[in-house]
Amino acid sequence: MEIAILALTFIILMALRTPIVWSIGIASLFTILLSVPSLPAVTTVAQRVVTGLDSTSLLAIPFFILAGHIMNKGGIASRLVAFARALVGSLPGGLAHVNIMAAMLFGAIAGSAGAAAAAIGSFMSDEMDKEGYGKGYGVAVNVTSATTGLLIPPSNIFIIYSLASGGISIGALFLAGYVPGILTGLMLMTVAYVWARKKNYPTQPRASLQTVFTTFLHALPSLSLLIVVMGGIVAGIFTATEASSVAVLYCLVLAFLYKEVEVKDLRAILVESASTISVVMMLIAMSIAMSWVMSYENIPQMITAFLLDSDTSPLVALLLINVILLAVGIFMDMTPAVLIFTPIFLPVATTLGIHPVHFGIIMVLNLCIGLCTPPVGAVLFIGVSVAKTSIQQVIRPLLPLFAAMLVALVLVSLFPELSLWLPKVFGFVE
């Protein structure tokens, strides 16, 4: 009964175009009213909304968001595009490969798929269109490759998963994302190569070693942020939260050195960052309240019992979880999806023998695919907006790239060592 009320209320509110943050909150309140009087129910939900944000780990999210906004304005994207062009521009479909590699690098540094899609798309969309790739294909490449930055650390979504899972090591999750993120990028590049051969897209002249070295030197200060953040976390010099503040300081210094940001620009950057942060934190607060309501009503336990008591094999159960998460990603933003569904599916996954770190990578990769999918795909809409085109033009070239991401998802799901190898090497996972 509780599951039906929660799901039905949420679906109706979403169908009425109620903002997702309020849909989550109202659905949670309606569900708790089934078993608790009105005044204690409202008070409890309000308390959970407030206390849900009382976490030191969550401080990393505002700082990483601010760092991402500084990078977006600080001239980092153009230097990464130049470096990527020197490395892979001569391959068949060279500009598509440049787009993918630049989006992977920028997304990893900024920790935001949306920022990568906007920053790289602003450089690459018109250029790919001029070279005959078509805007639809350019957007498809841009939005799918931008999501790899959510797997390659630092990544806010891993911090949120750590919170939802009860405190799994953020360092372990960061390390676990490298191989799956790079694998996904390579799958996308494979599709770009085959598509370029089929369509006979132009190639760029091979860059000289001097050009590669020069562009690398120009991009090195930006790339060094990954070393500073991950090196500090792995070496135990600072926590993920402290690393986020270091990232802000590093990006600020870099933006001033590049002379792309002046003191007068800081106010606009801070206001834009505060707007993004407020939305994200409200989503987190409401989603934590919903997770508590589901726990109070024993909804995760009921779903776990249903999946485990049936005669399904572990492989089929994992497949079912993947299908559900893919469907969830189509209709729900990533942050609430992680906070709501981690407490439901993580107990099932651990019972099936899936490591919590490995399951986190599976969940994030599933939801990355949803970011590129209408009707809610935020990154898709950003890419379309930047390129000034329509979703209808993008859907067809998206399909083979979706297939590449699904292949990466299957490989990551079936081979845990792809996720767990690096955390084991550095002693974060036994």
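Please treat every number below as a calculation from the coordinates, not as lab data. What you are looking at is a predicted structure, and each value in this text was computed from that prediction instead of being measured. Virtual Cβ from ideal backbone geometry, glycine too; neighbours counted across all protein chains shown.
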query = Can you work out the base-10 log of I(q)/I(0) for segment 1-51 at q = 0.18, 0.26, 0.32 1/Å, using the Debye formula on its C-alpha atoms alone?
reply = -0.55, -0.97, -1.13
query = Hey, which lysines would be in cross-link range of Lys198, C-alpha to C-alpha under 27 Å, not counting anything within fewer than 8 residues on its own chain?
reply = Lys130, Lys135, Lys388
key: Gained length - Phe213 relative to Tyr296, 0.36 nm times residue gap less alpha-carbon distance   = 24.1 nm
ask   = Over segment 1-88, what relative contact order in percent results from Cα pairs under 8 Å that are six or more residues apart?
value = 20 percent
remark   = Residues Trp421, Trp22 in order from fewest to most other beta-carbon atoms within 10 Å are Trp22, Trp421
note = Computed on Cα atoms, the radius of gyration and Dmax of segment 58-425 in angstrom are 20.0, 64
request  = Among Val42, Pro416, Ile100, pick out the residue whose Cα is farthest towards the positive end of the charge dipole of the chain, where Lys and Arg carry +1 and Asp and Glu carry -1 on C-beta, about the Cα centre.
outcome  = Ile100
task = Using θ = phi - 60° and the Karplus relation 6.51 cos²θ - 1.76 cosθ + 1.60, list the HN-Hα couplings for segment 292-307 in order, rounded to whole Hz, with x at every Gly or Pro.
result = 5, 4, 5, 5, 4, 8, 6, 5, x, 5, 5, 5, 4, 4, 4, 5
remark   = With a Förster distance of 30 angstrom and the Cβ-Cβ distance between Ser385 and Lys130, calculated FRET efficiency to the nearest 0.05 equals 0.95
ask   = Of Ser313, Leu367, Ala378, which is farthest along the charge dipole of the chain in the positive direction, counting Lys and Arg as +1 and Asp and Glu as -1 at C-beta?
value = Ala378
task = Could you work out the relative contact order of segment 42-128, using alpha carbon pairs under 8 angstrom and six or more residues apart, expressed as a whole percent?
result = 29 percent
key: Surrounding net charge for Gly136, when Lys and Arg each add one and Asp and Glu each subtract one, Cβ distance under 13 Å   = +3
task = Measure off 7 Å from each Cα along the Cα-to-Cβ vector at Ser90 and Val253, then give the distance between these two points in nanometres to one decimal.
result = 3.6 nm
ask   = What is the distance, in nm, between label points placed 7 Å from the Cα along the Cα-to-Cβ direction at Thr56 and at Val279?
value = 3.1 nm
query = What ranking do Asp129, Asp54, Asp265 get, fewest neighbouring Cβ atoms within 10 angstrom at the top?
reply = Asp54, Asp265, Asp129
ask   = Hey, what angle do you get for helix 20-32 against the long axis of the chain, alpha-carbon based, 0 to 90 degrees rounded to 10?
value = 20 degrees
query = Which of the lysines could a cross-linker bridge to Lys264, judged by Cα under 24 Å and excluding same-chain residues fewer than eight apart?
reply = Lys73
ask   = With charges set only on the Cβ (+1 for Lys and Arg, -1 for Asp and Glu), what does the dipole of the chain come to about its Cα centre, in debye to the nearest 20?
value = 1160 debye
task = Can you pull the one-decimal nm distance between simple spin-label points at Leu319 and Lys199, each 7 Å off the Cα toward Cβ?
result = 3.3 nm
query = Which whole-number percent gives the relative contact order of segment 58-425, counting Cα pairs below 8 Å spaced six or more residues apart?
reply = 27 percent
note = Longest principal axis of the chain (C-alpha) makes with the long axis of helix 76-88 (C-alpha) an angle, in degrees to the nearest 10, of 70 degrees
inquiry  = Neighbour counts of other C-beta atoms within 10 Å: give me Arg85, Arg17 arranged from fewest to most.
reply    = Arg17, Arg85
Ellipticity estimate at 222 nm from DSSP helix runs (n ≥ 4, -39,500 (n - 2.57)) divided over the chain, nearest 500 = -25500 deg cm²/dmol
task = Note the full-extension length gain between Trp421 and Ile395 as 0.36 nm times their separation in residues minus their Cα-Cα distance, in nm to one decimal.
result = 5.8 nm
request  = Among Leu66, Val338, Gly134, pick out the residue whose Cα is farthest towards the positive end of the charge dipole of segment 58-425, where Lys and Arg carry +1 and Asp and Glu carry -1 on C-beta, about the Cα centre.
outcome  = Gly134
0 to 90° range, to nearest 10: angle between helix 60-73 axis and the chain longest Cα axis = 30 degrees
request  = Over all alpha-carbon pairs of segment 304-430, lay out the pair-distance distribution in 5 Å bins, whole %, shortest bin first.
outcome  = 2, 10, 19, 20, 18, 14, 9, 5, 3, 1, 0
inquiry  = Using Cα springs under 10 Å in a Gaussian network model of the chain, which residue among Leu183, Leu105, Leu414 shows the largest mean-square fluctuation?
reply    = Leu414
